[in-house]
Amino acid sequence: MLTLKDWIKKCEGYNSHPYLDTSAKLTIGWGRNLDATGISLDEAETMLDNDIAATIRDLDQFTWFTSQHSNAK
């Protein structure tokens with residue numbers, strides 16, 4: 001028996017980029033209707049943390065970045 005979460009995932013599918021759903025609503029992820037729901041402050045904070053971490057990983061390949069004082073990162 002599928003859980004509600006598994007059922008939603010099966011029906012919606014995952015998309016990492018915004019798209020228009022069958023009702024022309026801007027949607028992302030497992031069917032999150034951005035037009036109606038948007039994102040919470042907690043979700044925005046998580047996204048910002050993830051973006052900063054990804055940027056730091058990208059910059060870690062450069063000596064000029066890795067030689068910076070840790071407070072500068």
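The values are calculated or read from the model by the stated rules, or taken from the named source; none is laboratory data. Just so it is clear, the structure is predicted and the values come from calculations on it, not from any experiment. Note that we place each Cβ from the backbone using ideal geometry, even for glycine, and neighbour counts take in every protein chain shown. Accessible surface areas use protein heavy atoms only, side chains included; no ligands, DNA or RNA. Shrake-Rupley method; radii C 1.70, N 1.55, O 1.52, S 1.80 Å.
A few points about this structure:
- Any pair with Cβ under 8 angstrom, 6 or more apart, that starts in the range 47-64 at a residue that is part of a helix (DSSP H, G or I) and ends at one that is modelled with pLDDT of 95 or more: MET47/ILE39
- When restricted to residues that are polar (S, T, N, Q), exposed (fewer than 10 other Cβ atoms within 10 Å of the Cβ) and either in contact with an Asp or Glu (Cβ under 8 Å, 6 or more places away or on another chain) or under 20 Å from ASN50 (Cβ atoms) (or both), the range 1-33 contains 1.
- Residue list for the range 51-73, restricted to those being open to solvent by 90 Å² or more (accessible area, probe 1.4 Å) and either within 22 Å of the chain's Cα centre (by Cα) or closer than 19 Å to CYS11 by Cα (or both): ASP51, ARG57, ASP58, LYS73
- Of the numbered criteria (1) in a loop (DSSP other than H, G, I, E, B); (2) open to solvent by less than 70 Å² (accessible area, probe 1.4 Å), the one ALA36 fails is (2).
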